[in-house]
Every structure is written in C-alpha cells, then in structure tokens.
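Remarks on the structure that follows.
The values are calculated or read from the model by the stated rules, or taken from the named source; none is laboratory data. For clarity, every value in this text was computed on a predicted model and none was experimentally measured. Glycine gets a Cβ as well: all are built from the backbone with ideal geometry, and neighbour counts include every protein chain shown. Accessible surface areas use protein heavy atoms only, side chains included; no ligands, DNA or RNA. Shrake-Rupley method; radii C 1.70, N 1.55, O 1.52, S 1.80 Å.
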Amino acid sequence: MLTAKQNMKETIRGGNPDRFVNQYEAVRLLFHPFLMFSNPLLAQGEPDVVNAWGVTNSFPENVPGAFPVHTPEKIVVKDIENWRDYVKAPPLKFTDEQWAAAKADYDAVDGTQTYKAAFVAPGLFEQTHHLCEITNALEYYITDPDEMKDLIKYLTDWELELAEGICKHLKPDAIFHHDDWGSEKSTFLSPNMFADFFVEPYKEIYKCYHDNGVELVIHHADSWAETIVPHMIEMGIDVWQGCMQSNNIAELIEKYGGQISFMGGIDNKAVDFTGWTQEDCRRAARNACDTYGSKYFIPCITQGGPGSLYDGTYMALTEEIDNYNVEKFGIKKEDIERLPIQILF
C-alpha cells in the first residue's frame with residue numbers, strides 16, 4: 001500500500017493511485033519565522049490585532065477565519081497615489097535560533113509519509129485589499145493600474161525574499177500558498193485583468209520555489225475560478241486547493257488534468273454548519289469521489305487548511321473518505337498509515 005505522499009504523487013501525476021488521497025493527509029502545513037515570531041496567525045476570539053504590515057485584523061467567534069477591520073481610520077493606504085508613504089514591508093532578517101526553531105518542526109515530520117509544506121498567507125491579491133480595503137482595491141485596479149502594479153511589485157519582491165529564506169533554511173518539498181481570487185460565483189477580476197496584474201509576479205514567485213527544490217506548489221483559493229485555470233498553470237501551480245463545487249470540476253479535470261490537479265469539491269456549507277451530521281459528511285464524500293474520480297483530484301473540504309468551524313466535521317469527513325476507500329479499493333482501514341491528523345483551524 002502506498003504512503004499518503006506516494007499516493008498523492010500518483011494522483012496528481014496521472015499514475016496509479018491505490019485510493020483517494022484523504023484531504024490534507026499528504027500535506028503537513030508548517031510555519032516559518034515570519035509567521036512564528038513577526039506575524040503569527042490570530043486565534044479565534046482575538047479582536048483588533050495590528051499585524052506586521054499595519055493591518056488591523058479581527059477573528060470573532062464562530063466565523064471561518066480572521067479578516068481585516070476596515071473602518072476608515074484603520075485602512076492602511078489612505079491615498080493610492082502615495083501608497084509608499086503608508087506601506088512599509090516588515091523585515092525578514094531572522095536569527096539563526098529563530099530559523100532553527102522553525103527547522104525543528106520540519107525535521108520532526110516524516111517526509112516519506114507526507115509533504116513538508118511551508119505555509120504562506122496572505123497572497124498578493126489579498127494583501128492589496130488588506131492594505132487598501134476590498135472595494136477601494138477593486139476600484140484602484142481600474143482607476144490606478146500603474147500604482148497597483150507598483151504596489152504588487154513591492155509585495156512580490158518581499159515575497160521573493162521570504163521564499164529564498166524558506167528554501168535556504170527549511171528546505172520544504174511543497175509550498176502551500178493562500179490567495180483567494182473569487183467568490184462562490186465569480187472571480188474578483190476579469191481573466192484578462194487578472195492576468196495583467198498577477199501572472200508575471202506569481203510566475204516569478206513560484207519559479208523561485210521550484211528552482212530551489214520545492215516539488216509542489218499548492219495554491220489555495222476557495223472560490224469559483226475556472227476561467228483562470230490556464231493562468232494558474234502558467235504561474236506554475238501544481239495543485240489548486242479550494243476549488244468549490246460551483247466550478248465544473250469534472251470538465252476541468254478532463255481538460256487540464258496532467259497540467260494541474262484539483263483539491264476540494266466539498267464546500268464547507270455542505271458539511272460544516274449548525275446541526276451537521278455524519279450522514280452529511282458521508283453524502284458529501286461519496287458525491288465528490290463518485291463524480292470526479294481519483295486521478296488529478298483530491299476530495300477535500302474547500303477551506304485553506306485542515307479543520308472546520310464546527311468541532312468534529314473535519315474528522316467525520318476524513319472517516320467517510322476512509323470508508324469509501326475501503327469499499328471502493330478493497331484496502332483495510334487498519335492498513336491506512338498517516339501522521340496524526342493535523343487540525344490547523
């Protein structure tokens with residue numbers, strides 16, 4: 001029986017997987033010094049915390065994640081034409097001891113069982129609207145494209161420095177990069193506008209990772225984004241995590257399988273709600289597996305990390321995918337080997 005990592009390789013390379021990859025079982029999300037010491041993720045219940053970029057974030061109870069607070073006095077960029085007066089990239093110089101603390105977490109993971117994936121968030125698009133506010137940012141893409149391109153270049157250069165540090169000191173074999181590019185029904189920018197602003201910057205970032213030994217670029221965008229899949233491929237994305245059910249995933253697999261793989265197909269709203277049941281998870285798991293097949297597709301909750309809003313949902317969904325694998329592929333449940341299941345959110 002293949003390890004989780006071997007099985008994921010077979011799945012995304014069009015080989016011979018011996019079962020469905022079960023959500024995040026083959027991807028261990030790991031932090032780096034910036035997220036450990038300079039800009040840690042908020043815990044649920046934390047209100048109005050100013051991060052290293054000067055963005056105020058809040059993470060109320062019973063919501064999926066933290067998000068910027070954009071009351072007028074808290075918006076970082078007051079004037080897009082003079083954004084340099086407001087945006088100051090946080091330093092990325094860390095001590096040997098700080099890198100060693102992060103490296104210890106990577107070394108503790110069995111790399112034969114799972115990918116060691118450096119976790120990077122937010123991405124370029126998200127960072128622009130975190131700094132500017134979402135409505136303002138979308139307007140600036142139309143009214144002030146040169147300034148927005150300059151801002152994106154500034155953010156890209158910072159990300160490249162981060163990438164170089166991660167690759168040099170931590171040597172991950174995967175990168176798990178957040179950047180939401182749409183809602184459930186549409187991308188935030190038209191495909192042509194999206195390409196104009198983001199394809200080249202992301203090609204540069206993801207090439208840096210690939211050139212420095214990172215095997216897989218896994219990009220999280222829990223959204224409808226099927227019209228920009230060709231751009232994802234051009235950027236160098238190996239796996240699109242978060243592809244929502246509103247996308248025509250079966251058609252995307254048929255058209256682009258072998259160039260990119262798809263991880264998702266189980267929207268949070270299908271399983272992660274007040275009053276959810278094991279049967280909801282069973283139904284969602286079987287629908288995804290029956291519909292999309294085991295090549296170029298990984299059944300997974302669409303949120304950007306292992307876990308769920310309501311206690312137990314993620315584990316119940318994992319159990320139902322295991323049950324499907326037992327029935328479909330004839331494997332024994334006790335033979336499934338994985339690291340202890342990671343709950344990040």
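To keep it simple, each residue is scored yes or no on (1) in contact with a helix residue (DSSP H, G or I) (Cβ under 7 Å, 6 or more places away or on another chain); (2) among the basic types (Lys, Arg).
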position	(1), (2)
ALA118	yes, no
PRO122	yes, no
PRO145	no, no
ASP157	no, no
LYS168	no, yes
LYS185	no, yes
Exercise. Would you point out the residue of segment 39-91, among those that are in contact with a strand residue (DSSP E or B) (Cβ under 8 Å, 6 or more places away or on another chain) and acidic (Asp, Glu), that is farthest from THR143 (Cα to Cα)?
Key: GLU46
Practice problem: Report whether or not GLU251 is within 27 Å of TYR206 (Cβ to Cβ) and open to solvent by 10 Å² or more (accessible area, probe 1.4 Å). | Solution: yes
Practice problem: Tell me which residues, restricted to segment 311-341, are surrounded by 13 or more Cβ atoms within 10 Å (Cβ to Cβ), outside any loop (DSSP other than H, G, I, E, B) and of a type in the set (Lys, Arg). | Solution: LYS328
Exercise. State whether the residues of segment 265-274 include one that is under 30 Å from ILE142 (Cα atoms) and either part of a helix (DSSP H, G or I) or polar (S, T, N, Q) (or both).
Key: no
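Could you identify the single residue in VAL120, VAL109, VAL214 that is over 17 Å from VAL87 (Cβ atoms), among the β-branched types (Val, Ile, Thr) and open to solvent by 10 Å² or more (accessible area, probe 1.4 Å)? Before the answer, list the steps.
Details: VAL120 fails: open to solvent by 10 Å² or more (accessible area, probe 1.4 Å); VAL214 fails: open to solvent by 10 Å² or more (accessible area, probe 1.4 Å).
None of the others qualify; the one that does is VAL109.
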Self-check item: Within segment 202-231, tally of residues that are closer than 11 Å to ALA117 by Cβ and of a type in the set (A, V, I, L, M, F, W, C)
Solution: 4
Exercise. Mind telling me which of the residues LYS103, LYS74, LYS88 ends up being open to solvent by 30 Å² or more (accessible area, probe 1.4 Å), among the basic types (Lys, Arg) and in contact (Cβ under 8 Å) with a residue 60 or more places away in the chain?
Key: LYS103
Exercise. Only residues in segment 29-49 that are touching a residue at least 40 places away in the same chain (Cβ under 8 Å) count as the first member; pair them with residues that are assigned to a loop (DSSP other than H, G, I, E, B) and open to solvent by 60 Å² or more (accessible area, probe 1.4 Å), Cβ under 7 angstrom, at least 6 apart or cross-chain, and list the lot.
Key: LEU35/LEU41
Quiz item: What are the residues in segment 130-161 that are open to solvent by less than 10 Å² (accessible area, probe 1.4 Å) and of a type outside the set (Val, Ile, Thr), if any?
Solution: LEU131, CYS132, ALA137, TYR141, MET148, LEU151, LEU155, GLU159
